[in-house]
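Chemist: Structure incoming, see below.
The values are calculated or read from the model by the stated rules, or taken from the named source; none is laboratory data. Just so it is clear, the structure is predicted and the values come from calculations on it, not from any experiment. Please note: Cβ atoms are built from the backbone with ideal geometry, for glycine as well, and neighbour counts cover all protein chains shown.
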Amino acid sequence: MAKEHSGKLQNSGLRADWRLFLIAGLSNSAGATVGNPMDVIKIRLQLDNELSSQRGLKKKYYGMMRGMRILVLEEGYMAIWKGWSAAILREMSFSAIRMGAYEPIKYKLGGTDKAHTAMAIKVKAAAISGAIGAAIATPTDLVKVRLQAQVSGTKARHSGCITAFRDIYATGGLTALYTGCAPNILRAMAATVGQLVAYDHTKHVLLNANLMQEGLPLHIISSTVAGFMNAAAASPIDIVKTRLMNQPEGKEKRYNSMIDAWYKTIKAEGVWSIYKGFIPCWLRIGPHTMVTFAVFEQLRVLAGIEPV
């Protein structure tokens with residue numbers, strides 16, 4: 001029988017603590033490293049056959065496995081690690097903020113008893129922390145998408161992570177670095193609610209019912225649920241964000257806004273096109289979420305902060 005679960009606040013773990021942000025950044029960086037290959041093929045699938053009925057193009061990748069094979073055969077094994085440096089920079093900023101701020105915000109909203117916090121408080125806290133993280137760190141996501149979308153053997157849009165920041169800023173200033181910010185914020189809110197709330201709630205439902213006790217098996221089950229909810233909630237917004245961030249500037253610009261991108265994508269490619277890349281997205285987020293929360297919980301123990 002599992003031990004009785006008490007979620008009363010015992011230390012500063014739910015209060016603002018800079019260690020939470022550092023731990024969140026490091027744990028998400030570990031997850032991003034595991035998930036980078038799937039992230040690359042997800043980006044390629046989301047952009048594959050873009051607005052095909054208007055441009056007369058045929059699909060290149062036709063699904064995750066064939067896409068991965070084509071990617072490696074044409075561009076080499078290192079292609080699956082494209083954008084990794086930008087991904088780490090993104091996790092140490094965006095994810096550090098959204099995950100690190102979630103519990104302090106939840107505490108401020110009244111969630112002082114983590115075992116019995118209302119779902120509404122969790123959703124509000126996750127949405128707020130996700131929005132703040134994306135609003136600040138959108139440039140890192142933009143650079144990651146651009147680098148992962150570049151096809152080896154063709155003229156590179158950017159030669160590297162730092163160069164990409166410089167090139168984008170030179171083209172349109174600070175505004176250009178925040179291309180796709182609106183859908184990125186919406187995606188971050190949906191993904192953070194799907195991931196953090198699902199993990200938090202699943203974990204405490206199991207603990208409160210005495211079905212499991214604190215430990216790695218509980219973390220894995222809770223993160224599995226969180227990974228699926230994250231992918232399901234974020235995918236329709238993620239594809240629009242990817243296309244807005246990757247589109248050319250100037251006269252070749254394809255989309256005028258997030259709504260315009262959704263409309264043109266669905267009109268040209270069908271309603272299910274908003275879930276392009278869902279399988280690699282889920283397969284990326286699943287292991288990413290498992291690794292992230294396993295590392296997050298262990299680092300909390302080492303730092304003397306109680307579990308989520």
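Chemist: It is to be established whether one or more residues within region 109-126 are of a type in the set (A, V, I, L, M, F, W, C) and closer than 23 Å to ALA87 by Cβ.
Modeler: Within region 109-126, one or more residues are of a type in the set (A, V, I, L, M, F, W, C) and closer than 23 Å to ALA87 by Cβ.
Chemist: Same structure, new question: So, THR179, is that one buried (at least 20 other Cβ atoms within 10 Å of the Cβ) and not in a helix (DSSP H, G or I) or not?
Modeler: yes
Chemist: Being within 20 Å of GLY100 (Cα to Cα), out of contact with any strand residue (DSSP E or B) (no Cβ under 9 Å at 6 or more places or on another chain) and not basic (Lys, Arg): is that true of ILE185 here?
Modeler: Numbers: within 20 Å of GLY100 (Cα to Cα): yes; out of contact with any strand residue (DSSP E or B) (no Cβ under 9 Å at 6 or more places or on another chain): yes; not basic (Lys, Arg): yes.
Judged against the criteria, ILE185 is a match.
Chemist: List every residue pair whose Cβ atoms sit under 8 Å apart, with the two residues 6 or more apart in sequence or on different chains, where the first one lies in region 239-256 and is in contact (Cβ under 8 Å) with a residue 12 or more places away in the chain and farther than 14 Å from VAL143 by Cα and the second, anywhere, is of a type in the set (Lys, Arg) and part of a loop (DSSP other than H, G, I, E, B).
Modeler: These pairs meet every condition: ILE239/LYS276.
Chemist: Right, another one. Hey, can you tell me all the residues within region 282-306 that are in contact with a helix residue (DSSP H, G or I) (Cβ under 8 Å, 6 or more places away or on another chain) and either farther than 18 Å from THR192 by Cα or free of Cβ contacts under 8 Å to residues at least 60 places away in the same chain (or both)?
Modeler: TRP282, LEU299, ARG300, ALA303, ILE305, GLU306 - these are the residues of region 282-306 that are in contact with a helix residue (DSSP H, G or I) (Cβ under 8 Å, 6 or more places away or on another chain) and either farther than 18 Å from THR192 by Cα or free of Cβ contacts under 8 Å to residues at least 60 places away in the same chain (or both).
Chemist: Okay, moving on. Could you figure out which of (1) in a helix (DSSP H, G or I); (2) touching a residue at least 12 places away in the same chain (Cβ under 8 Å) isn't true of TYR61?
Modeler: (1)
Chemist: In the list ILE88, ILE41, ILE80, which residue meets the criterion of being over 13 Å from the mean Cα position of the chain (by Cα) and closer than 19 Å to ASN28 by Cα?
Modeler: Going through ILE88, ILE41, ILE80 in turn, just one is over 13 Å from the mean Cα position of the chain (by Cα) and closer than 19 Å to ASN28 by Cα: ILE80.
For (1) part of a loop (DSSP other than H, G, I, E, B); (2) crowded, with 24+ Cβ neighbours inside 10 Å; (3) touching a residue at least 24 places away in the same chain (Cβ under 8 Å); (4) not aromatic (Phe, Trp, Tyr), each residue gets a yes or a no:
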| position | (1), (2), (3), (4) |
| --- | --- |
| ALA120 | no, no, no, yes |
| ALA126 | no, yes, yes, yes |
| SER129 | no, yes, yes, yes |
| ALA137 | no, no, yes, yes |
| ASP141 | no, yes, yes, yes |
| SER159 | yes, no, no, yes |
| THR163 | no, no, no, yes |
| ALA170 | no, no, no, yes |
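Residues checked against (1) modelled with pLDDT of 90 or more; (2) surrounded by fewer than 20 Cβ atoms within 10 Å (Cβ to Cβ); (3) β-branched (Val, Ile, Thr); (4) touching a helix residue (DSSP H, G or I) at 6+ places or on another chain (Cβ under 6 Å):
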site	(1), (2), (3), (4)
MET212	yes, yes, no, yes
HIS219	yes, no, no, yes
SER235	no, no, no, yes
THR242	no, no, yes, yes
GLN247	no, yes, no, no
TYR255	yes, yes, no, yes
TRP272	no, yes, no, no
PHE278	no, no, no, yes
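Chemist: Given the residues GLY110, GLY83, GLY100, which is the only one that is modelled with pLDDT of 90 or more, small (Gly, Ala, Ser), surrounded by fewer than 21 Cβ atoms within 10 Å (Cβ to Cβ) and in contact with a helix residue (DSSP H, G or I) (Cβ under 8 Å, 6 or more places away or on another chain)?
Modeler: Within the list GLY110, GLY83, GLY100, the selection yields GLY110.
Chemist: Hey, GLY215 hits all of (1) within 17 Å of the chain's Cα centre (by Cα); (2) at positive phi; (3) small (Gly, Ala, Ser) but one; which does it fall short on?
Modeler: Of everything listed in (1) within 17 Å of the chain's Cα centre (by Cα); (2) at positive phi; (3) small (Gly, Ala, Ser), GLY215 misses just condition (1).
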